[in-house]
Every structure is written in structure tokens, then in C-alpha cells.
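Working notes, structure below.
Nothing in this text is a laboratory measurement; each read-out follows from the coordinates by a stated rule. These numbers were taken from a predicted model, which means no experiment stands behind them. Cβ placement follows ideal geometry from the backbone for every residue including glycine, while neighbour counts extend to all protein chains displayed.
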Amino acid sequence: MTQDILITTQGQAGRITLNRPDALNALSYEMCLAIEEALLAWRRDPDVALVIIEGAGDRAFCAGGDISEMYRTGTAGEYEYGRQFWRDEYRLNAFMASYPKPIVSFLHGFTMGGGVGVGCHGSHRIVCETSQIAMPECGIGLVPDVGGTYLLASAPGRLGEYLGLTATRMKSGDAIYAGFADRFVPQDEWELLKAALITTGDVTAIEEYSAPAPESELAKRQDQINRYFGGERLGDILNGFVAMPSDFADASLKVLKRNDPLAMGATLEILHRLRMGTPTIEKALELEYRFTHRAHEDGDFLEGIRAAIIDKDRSPQWTRKLEALPLVDVSKMLRPIPGIKLQFHQEETAMKIGFIGLGNMGGHMARNLASAGHQVTGFDTADVSIEGVSKAGTAVEAAKGMDVVITMLPNGAILRAVADEILPVMSAGAVFADCSTVDVDSARAVAEQAQALGVMPVDAPVSGGVGGADAGTLTFMVGGSAEAFDKTKPLFDIMGQKAVHCGPSGNGQAAKICNNMILGVTMIATCEAFALADKLGLDRQAMFDVVSTSSGASWSINAYCPAPGVGPTSPSDNDYKPGFAAELMLKDLRLSQDAASSADADTPMGQLAAEQYRQFVEDEDGQGRDFSAMLPRFVSRRRS
Ligand code: NAD
């Protein structure tokens, strides 16, 4: 094995020493894999009570990932080396965060980038007089990664934005304040503490050696940081520097001018997205990876390394301008990557899952659950085979004795029929999760029936389409009890990137139809505006460039542009093959209008959208076309 890392067991501890002091213990791919292998072996080893991780030499715990090989391969057009490195490194970072035994990291000197990934996610993170911790990635054209955005998003106020964008180095008190470290232990006590940990295998020794941390300078500046770094976009932050001149504003602006605008814009976006729900390291890594996967080709990562490490001229030529960063570039960097989902080590709690309805959506979802290690039994009235999923002959067979049963069916009537069949044979305490899009009344009726039989119901419709089901990046909108939500959440996290608990049974469907009513309306508005723009002689690309960054922006134009050849790739670029078929949009709009009638809600735009899609699907050529094919429809029509 390489001497760059020393892995031993001593007394009751597993001990990992990063051993490249001349390279500030920079983390190579090989070292990452070696750490993961050791942690996997110690996870169930009764002789290992805790893990110590430390860096050799005086200057650093670990000053970052070793990116020289990424540069060499990247400049040769071989991007897979870097991508594989990141995927494996991120799996290690998440593993350390959920490791079942204490991991005690000793963070002296520099702990940066990749060093934060192996040093700051464990359970006990110790700092000392020399500690300097930072996430400097924006300086080399990357977003803070290795789960750094999880720590940044969890830091007080807008400190995460400040640290991520400026790469400010935290001393020990700051690192504890920001949530990157836990305890201050004077460095001359470290060997004694390590010896105590090795002998006793008990982390309470850390308390004994801890001393009060020096005061945090960042804590004193928190209000100022919140004021300047609270903006939604990079442009808002820059405007704040101008509107509220101060030494702090000048100093911050100077740093922002050095860093990559695209990486900074994406960092802000990731932090904001993470804070929209409860941040988790897995979600953070997924978002970070979307950027890093594209960083060689579509970002300025290679230029960033060239300037910082290869030529050391420290004057990177970034592609985007700080004052004029196109938001669409940021959203492109953070779009899901088709066919790639990060794999994390699962806790050893494989569930028995029945999956009923293995169509366009359900087939992918069931496959993703199986490939994450769950035992999945599937049933569909059509004869389908899904990789990793055992076939059941009946719905009852797929439901009996399962921990969770998931349905992904065409409509409410079929859902009710299937529920009648399977609920009586399901185990008490099992979860029945319906992910189909159905009417709120069916969802609530099935939920009542389940509860009466001791089964926990959730209605969990999805958005994200077939692409999202395949890539495991769906959004789940969930109605049901908190207990049922918590039990099903790990499965949603495999099949999707976000699950929102919307309240009691039926509320998931309510959220879904409200969302899709907005989508139907905005898609029509976007398509008719493009058709009008055509007739006014406005170029479609110019229209996109303006609207996607102005107040007319919406998911319909920014992420799913109905005009072929404009914006990110969407079904319009594939002759409007669905994606999301117009008849499914019609179904959802009808559900919203039925719900509006029974709730006595006035939804005139939803009603109009439903009628437009009805005409398109039933009277015109819309059946079997993507719902964005409204654009050629409007183009071919005249004002009546
Ligand atoms: P689909 O028609 O491809 O799949 C439905 C599957 O259910 C089919 O394979 C069918 O054979 C099976 N089925 C029908 N009756 C059954 C029964 N009694 N027992 C077992 N299996 C039965 O449809 P889909 O696109 O996978 O959509 C499924 C659900 O997801 C729908 O409610 C849809 O509105 C919703 N949805 C779809 C999309 C999308 O983009 N396709 C996006 C979000 C939500």
C-alpha cells in the first residue's frame, strides 16, 4: 500500500494518518479509497471502538484534494477520471457523516477543501492554536464540494454564503462557531488525548482535555455578514456593496473579483436550495456533483487550476463576468445529470418493498430502489421485467408481508381497485405509499381505508417526469402522518432529490395538482409569448435570453424551453416526443378543476388552461405529443 497514508489499529482505535507532509497531506484518489476501505472494515469490528484521523507534519491536517492528476487528464479531454474521483470521494464524505462509531479528527494547520471532506464530517472535530479551515474552491472554478455546502448551509445566518464566496480562513474559534469543528484542545495536549482515546476507546476523554476556544471574530461580524451576503443572487450582493459602502464591502468585493463568477453564483444557488428544506449531506453532495461533473467542460475549473497551481500566475481568465453572470448558466450547471445518481453506503436496513405499476415511471423507481440494496418485488398487469426486481404473479403477492408497498398507477379508479385488493393482506404498521397522480378524494378515501386496517398511508405524487424517475431526482409531495413520512423518507431519498411533507393525507395530491396547474398555465403563457414574439420579428434566442433572466422567467422557459434549439435540451429538441405528454397535463388540469369545484375555489386561469389542453389533445394533434408542443400549435393559429 502507498506510504501516503498510514492505517493501523492501536488499542481500541482505528488510526488513519495522512502522510504526505511535503504536499500538505493533499488527498489523492488512492488515499480516499484507502480511508473508505478501512472505515468499512472497522464498521463492524468489535475491537475498534472509535477512529482517529490526523495529518503528519506541522503544517496541515490536509490542505485539499490532489488536483494535479485531474488537470493532466482534464486537459487531455479525459473527464471521467475526475468525475469518478469525485463520486467516490463524495461517497466517503457521506459515509463519514453517518459513521456508526465516533470519528475523532485532529485538525491542525490547514484544513481545506478535500481536507474538510475527511476532517469535518466526523462526530468529534478537534481544533487547536494553528487551525485554519476554509473552502477555497470558488478560487479555482469549483463550488465548495465534499459536503462543504452542507456545513455552509447549516452555519449561522449568511455566514455560509460569506465563507463559500470569499474562502475566508477560519481560526479555531471561528470554525467552532461556524459548525466546522467541535472542541478546542491545545496542541501540546494532543498526544496525551490520542493515547487516552486509544487506551479507553471512550470519547469522553475529549472533554477532559478541552479548553475554552478563542473568541470567534466571525461571530462579532455576523450582523454585517448577514446584511451584505443576504442577497438572492450574486448581483444582489454586489449591489449591496455599492449601496452600503464600508471597509468590509471593499474587502469583500476585492475577493469576489478574484474568484470565478459562475462558481460563486452556483454556490449561492446551492446554499439557498439546501435551506429550502432541511439540509442533508447527501442532498448537498448531489447538488455539488452536478457542478463538478460539468466543471471541466462547461465551467472554468481547468483555467482555475492552471492559474493557481500549474502556472501560478494567479490571474485566471474566467469565462463569465462578475457583473453580468447569466442565471441560465448557473441553472444549467445545476440541472440533474441524466443517468447518474451518486451512490451512498446504505445503513444495513434493507426493506422489503412491494412495487405495483411498473410503467414509464414506476419501472425506473423500482429499479433504483433495488440497486440501492432494497429487496423489491414488483407487479404490473403488463408483462414487464425490471432489473433487480423480483416478479410477483399478483398484486396481493407483491403486497403481503412487505414493509412498504408503493403504487404508481394511471388513475384514481385503478388505485382504489388495487387498494381494495391489497390493503387487507398488508401487515399492520406497514406503509402504503401511492405515488400516482390521482384526485384528492381517491387519495383520502384510500388513506382512510388503510388506517382502518392498521396500515400507514402516504400519498406521494411526484414531479420530475420520466427523466427524473430514471436519474432518481424526483420531487415527492407527501401527505400523511409524520411517522409514515419518516419511515418512507429514505426511499424517497433514493428515488428523488427532495421530499416535502405537506401535511395530512391528500395534501400531497393537493400540492401536486396546484403545482401542475401553475405549470399548465405558465407553459401556455410561454408558448403564446414565443408565438407572438415570432410574429413581431423577435429572434427566439433573444427572447429566451431576456425572459429567462427577467420577471417572465419560470421553469417552463428556463428548464423546459418549448422552442427547439433554444435553452437547455428539452422535448422540443426531440420533435416534441414526450417528456410529459399533453394528455397527462390534461389529466392533471382536470384533477385541479375537479378539486376546485369541490373546494369552491375560483381558478379561471386553470380552467382556461384545461380547456386549451382539452382542445389540443381531443380535437387537434396533441395526443402523444409533449405538453410543450403548444408552441407549434400557437404558431400555426391566427387571432380569432
Ligand atoms: P404508465 O402508463 O407508463 O404506467 C402505469 C402502469 O400501471 C402500466 O405499466 C400499467 O400496465 C400498470 N397498471 C395499470 N393497471 C394496473 C393494475 N391494476 N395493477 C398493476 N399494474 C397496473 O404511466 P406512468 O407514466 O408511469 O405514470 C404513472 C403515474 O405517474 C400516473 O398517475 C401519472 O399521472 C404520474 N406521473 C407521470 C409522469 C410522467 O412524466 N410520465 C410524471 C409525474 C407523474
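Structure values in brief
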quantity	calculated
Using alpha carbons only: equivalent-ellipsoid semi-axes of the stretch 512-635, gyration tensor based, whole Å	24, 16, 13
Zone residues, the stretch 492-529, relative to GLN615, backbone N less than 14 Å from point 7 Å out along Cα-to-Cβ	524-525, 528
Interatomic Cα distance distribution for the stretch 5-333, bins of 10 angstrom, percent	6, 27, 35, 22, 8, 1, 0
Cα shape, the stretch 352-505, gyration tensor, a/c 1.5 rule	rounded
Mean Cα-pair separation over length for the stretch 464-597, i.e. relative contact order, pairs under 8 Å, 6 or more apart, %	20 percent
For the stretch 40-46, 3J(HN,Hα) per residue [Karplus equation, 6.51 cos²θ - 1.76 cosθ + 1.60, θ = phi - 60°, Hz, x = Gly/Pro]	5, 5, 7, 3, 10, 7, x
Sorted by Cβ neighbour density within 10 Å, fewest at the top, the residues HIS501, HIS345	HIS345, HIS501
Cleavage-rule hits, chymotrypsin sites (Phe, Trp or Tyr not before Pro), the stretch 328-383, DSSP coil, Cβ neighbours within 10 Å at most 11	none
Karplus (6.51, -1.76, 1.60) ³J(HN,Hα), θ = phi - 60°, over the stretch 131-136, in Hz, Gly and Pro reported as x	4, 9, 10, 7, 10, x
Counting DSSP beta bridges with both ends in the chain, the antiparallel % (nearest 5)	25 percent
Under-5 Å amide H pairs with VAL455, H placed in peptide plane, nonlocal only	GLY429
For the chain: Kirkwood Rh in Å [reciprocal of mean 1/r, alpha carbons]	26.7 Å
Distance (nanometres) between label positions extended 7 Å along Cα→Cβ at ALA211 and GLN187	1.3 nm
Nonlocal amide H pairs with GLY65, under 5 Å, H built at 1.01 Å	LEU27, GLY114, GLY115
From phi via Karplus (6.51, -1.76, 1.60), per-residue ³J(HN,Hα) for the stretch 525-532 in Hz, x at Gly/Pro	4, 5, 5, 5, 5, 4, 5, 5
20 Å Cα-Cα threshold exceeded, pairs from LYS257/LYS321; LYS391/LYS489; LYS341/LYS400; LYS512/LYS587; LYS352/LYS400; LYS535/LYS587	LYS391/LYS489; LYS341/LYS400; LYS535/LYS587
Pair ASP236, LEU532: separation of 7 Å Cα→Cβ label points (nm)	2.8 nm
Cβ-Cβ FRET estimate between LYS220 and LYS489, R0 fixed at 41 Å, reported to 0.05	0.60
Cα gyration tensor shape of the stretch 67-224, rounded if a/c is under 1.5, else prolate or oblate by comparing a/b with b/c	oblate
5 angstrom amide H check on ALA60, placed H, neighbours 5+ away	PHE110
Gain upon complete extension [ASP573, GLU323; 0.36 nm per residue less C-alpha separation]	86.9 nm
Order of CYS527, CYS514 - criterion: other Cβ atoms within 10 Å of each residue's Cβ, fewest first	CYS514, CYS527
Gain in span if fully extended, THR9 to ASP539, counting 0.36 nm per residue against the direct Cα distance	184.1 nm
Ranked list, fewest to most other Cβ atoms within 10 Å of each Cβ, for LEU285, LEU256	LEU256, LEU285
